[in-house]
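The values are calculated or read from the model by the stated rules, or taken from the named source; none is laboratory data. Every value quoted in this text rests on a predicted model; they were computed, and no experiment measured them. Neighbour counts are summed over all protein chains in view; Cβ atoms, including those assigned to glycine, are modelled from backbone coordinates with ideal geometry.
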Amino acid sequence: MQAELGATENELLSNVQEVLITESVLQDRVAALGETISQEYAGLNPMLICVLKGGYVFLADLTRALSIRHSIDFMAISSYGNATASSGVVRILKDLDSDISGRHILVVEDIVDTGNTLSYLLENLRSRQPASIRVCTLLSKAARRQTDIVVDYIGFEIPDAFVVGYGLDYAEAYRNLAFIGVLKPEVYS
Ligand code: 5GP
């Protein structure tokens, strides 16, 4: 069975070069973000929009760190596929179930790299007339930004390396790691 599925869990772990953010540091930061967001959105019943697939683990922890009433919805947009460089092509694969007009929107992202994906998404969401729209990303690679978008809440600024874990994948693997790790370049080059 394992052979049919390809690499084993141990082989996947051996492809991780280093642990960049440990599980406990991640959990502490998510709790702090939850507290800040709860204070700033008190009484506003915000809608958290999770960008699939990479944002699902962060959303699950962030939503449980909120002490205020809120709702959630999901969007899926095309990203890199199996490659590790931005294609610049953005396409909606799954749209929201809800009407966001008049709502306070918080977009929950796994990582903002060039910012191209987010820039497209924000333009699209703004056209639906929300009351407000802000962005919360777990990770940010500021050095690689190609757009001047504002990211309101950032978990961690990270260096320019390809990372996996805590929802982030390479070829659909590694999402289940409890930490953020840097993948060995030979795995994807
Ligand atoms: P951007 O449009 O900002 O360049 O790219 C955003 C998307 O690229 C993220 O939502 C994520 O899917 C993917 N991405 C960017 N950097 C990384 C990375 O280091 N690791 C992984 N797994 N995905 C990344």
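Evaluation of Tyr174 against the conditions (1) surrounded by fewer than 17 Cβ atoms within 10 Å (Cβ to Cβ); (2) closer than 27 Å to Ala65 by Cα; (3) not polar (S, T, N, Q) shows that the sole unmet condition is (1).
Would you confirm whether or not segment 126-137 contains a residue that is surrounded by 14 or more Cβ atoms within 10 Å (Cβ to Cβ) and among the basic types (Lys, Arg)?
Scanning segment 126-137 turns up at least one residue that is surrounded by 14 or more Cβ atoms within 10 Å (Cβ to Cβ) and among the basic types (Lys, Arg).
Can you tell me which of Asp152, Asp99, Asp95 is surrounded by fewer than 17 Cβ atoms within 10 Å (Cβ to Cβ) and over 22 Å from Val57 (Cα atoms)?
Values: Asp152 fails: over 22 Å from Val57 (Cα atoms); Asp95 fails: over 22 Å from Val57 (Cα atoms).
On inspection, the qualifying residue turns out to be Asp99.
Just one residue in the set Val30, Val57, Val51 is under 26 Å from Asp99 (Cβ atoms) and either crowded, with 17+ Cβ neighbours inside 10 Å or free of Cβ contacts under 8 Å to residues at least 24 places away in the same chain (or both); that residue is Val51. Of the residues making up segment 119-158, just one is more than 14 Å from the ligand (Cβ to nearest atom) and acidic (Asp, Glu), namely Asp152. If only residues of segment 138-149 that are modelled with pLDDT under 95, surrounded by 14 or more Cβ atoms within 10 Å (Cβ to Cβ) and hydrophobic (A, V, I, L, M, F, W, C) are counted, the one that is nearest to Glu9 (Cα to Cα) is Ala142.
Here Gly167 passes the criteria (1) under 30 Å from Gly43 (Cα atoms); (2) surrounded by 16 or more Cβ atoms within 10 Å (Cβ to Cβ); (3) more than 10 Å from the ligand (Cβ to nearest atom) except the one numbered (3).
Among the listed residues Asn15, Asn45, which satisfies the condition of being in contact (Cβ under 8 Å) with a residue 12 or more places away in the chain and either on the phi > 0 side of the Ramachandran plot or within 14 Å of the chain's Cα centre (by Cα) (or both)? If you could, list the steps in order and put the result at the bottom.
Details: Asn15 fails: either on the phi > 0 side of the Ramachandran plot or within 14 Å of the chain's Cα centre (by Cα) (or both).
None of the others qualify; the one that does is Asn45.
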